[in-house]
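Heads up: the structure comes next, in structure tokens.
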Amino acid sequence: MTTSSSLSTGQTGATGLTSLSRATRRRLGQGAHPLVGKCLIALGSAAALGSTFLAWTWTTAFPGDLTVTGYPGGNQLITLFLSILTLLALAPALVPGGLPGTRWMAPRGSARLLRGLALANAASTGYVVIAIAWELGGVANYVAGTWIAGASALLAVLGAWLLPDDDHEPAPARPTPRWAQVVVVFVVVMLGLLVADFGVTTGFSEEFIGFCLGAGFAGRGLAASGLFDRFSALTAANRTATGCAVLAAAVSFVFLQSSDAYTSVADNILIFATVALGLNIVVGLAGLLDLGYVAFLGVGAYTAALVSGTAASRYAHVVLPFWAQALIGVAVSVLAGLLIGAPTLRLRGDYLAIVTLGFGEIFRITMNNLDGQSGPQVTNGAEGEYGIPDLRLFGYDFGRPHTVLGHTLGRFGNYYLLLVLVIAVVIFIFARVDDSRIGRAWAAIREDETAAEAMGVHGYRFKLLAFGLGAGLAGLAGTIQGHLTSTVTPDQYTFSSSAPPNSAFLLAAVVLGGMGTISGPLLGASLLFLIPDKLQFFHNKQLLLFGIALIVMMRLRPEGLVPDKRRRLEFHERETAAEEAYEELVADGLDGADGSDGLDELEAGARA
């Protein structure tokens, strides 16, 4: 509850401005002929598409080789895809009611969809145009294709803003056979895989920034059009098929890679995401603020390393199979969680956060002191456990290349498949617990612990259960991390460092992604790992990145990137009420033909 309430600060002032901007766009659109806006969108998108087949600069000094005429490359691929997507999105807006067969593209109206896609194209293309002048030393490095790309993208944005708002409640989805629904789910998930693969495998920072800008604005437009809600309803009705599709897409990723360069990045993202899901149980479901959670990852890693047979271990003569290492690592992590939680979980809010932060530091200092001088010889102190051998599971050596379906999997590819299996197990546990009696008890504690206890919920017992379960999932990820990195040192498990996972960024992944959801922490963990990895400017400035992202999210989307329905309603209650009141004014025709006077009163009340 403390975490949720702290993020809601300042939201009430933003809701009025949001409804105001939408109302203003509606009135502006009523003064312009919609056909003009549609023509500008079509002309701008077609010209931007054509510009990708022209050179954008004359020198190869800019990354991506934008000097070639005849086929797109680098950032031009992003502009090409967004231009095609914008032209396709015009189909529902060409005639009233949309062209037959295209109405599904904009269930709530096509204006917001077109604005989002046009902005995505303008932001991504405009960034490249500005970057060419900035990095190469001026607009003298522009060629005809550069001017066409920049001007046409802006032309499409102008046309999109001339369109009147056509927001409406989506019509009920037409009944379709179950097999058709399953096919749609698989196709959409596989398309998402291709988009994610492009983002992960971007070779330079300019391309990654352009991808993030395009994906961000396009995603906002797709969400505003109602497509995401429609797809969410489809996945909710086909959970088994959705799970199989996501698992198939995750496994397919490794077969799209020609080397281990990007598979190693995916491995680290999966470890980060697995631990973030465990923390989501503590923070998102139970509402407990834990600032030392990364220590449980270290407990699992050290436990597995000590019994892995590495020569650096004091117990080098003890060599256990991986399944035994995983069981022991999880058990020790759960025990550590219970030992820390038992005396401290009677605290609440900031006091609990301070205690968990202290535990994280105590773990790191203790591992440093178990070096034979400051304390017993157990962990080799600052040197840590090194030379940890690769896993062998049922005769499968993860350190050697294997050929699967005609594709050679290297060391990181082998670990990737194991991590996909582990995170699938973690997601299954999270989903089942969330839908159970225990999950409902955690929700009650998170909202109001005093009221929950008055209704018979044993708060202390359920909070201790959340702490232990979250610690166990982190320990499971730690047992794999030790073998993947071959080295376990105390400095890997701090509150904040130059590289994740650390406690600050694990918490950021949960909060920014969306507390209490499954896909939210996965998305948050991916972004927070990829952005510093792709952008060298942020390599040693992760706390700066975290602070900027947190401020922006609190202002624009306090419920997270992928919120659950309850949190979305909590944070946007006033905005929803303002939109409903506006729709009633327009429907009733109050105070004029277009309800403008009543709208002015509504906007004044929203500002107040």
Let a ≥ b ≥ c be the square roots of the eigenvalues of the Cα gyration tensor of the stretch 259-496; is it rounded (a/c under 1.5), or, if not, prolate (a/b larger than b/c) or oblate? oblate
Net length gained if the chain between Ala140 and Leu43 were fully extended (0.36 nm per residue, minus Cα distance): 32.3 nm
Compute, for the stretch 259-496, the length of the dipole vector about the Cα centre, with Cβ point charges of +1 (Lys, Arg) and -1 (Asp, Glu) only. Units Debye, rounded to 20. 460 debye
Could you work out the relative contact order of the stretch 259-496? I mean the mean sequence separation of Cα pairs under 8 Å and 6+ apart, divided by the number of residues, in percent. 40 percent
Say each of Ile84 and Ser374 gets a label point 7 Å from the Cα, pointing the same way as Cα to Cβ; how far apart are those two points in nm? 5.8 nm
The correct ranking of Lys463, Lys38 by accessible area at 1.4 Å, largest first, is Lys38, Lys463
In whole angstrom, the spacing between the Cα centers of the stretch 382-446 and the stretch 253-284 equals 9 Å
Rounded to whole Å, give me the distance from the Cα center of the stretch 308-326 to that of the stretch 186-233. 42 Å
Whenever you get a sec, line up Trp56, Trp147, Trp161, Trp134 from highest to lowest accessible area (probe 1.4 Å, protein heavy atoms). Trp134, Trp147, Trp161, Trp56
Apply 1/(1 + (r/R0)^6) to the Cβ-Cβ distance of Ser486 and Val95, taking R0 = 60 Å, and write down the FRET efficiency to the nearest 0.05. 0.45
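The values are calculated or read from the model by the stated rules, or taken from the named source; none is laboratory data. Small disclaimer: the values here were computed from a predicted structure and weren't measured. Note that each Cβ is placed from the backbone with ideal geometry, even for glycine, and that neighbours are counted across all protein chains shown. Heavy atoms of the whole protein, side chains included, go into the accessibility calculation; ligands, DNA and RNA do not. Shrake-Rupley method; radii C 1.70, N 1.55, O 1.52, S 1.80 Å.
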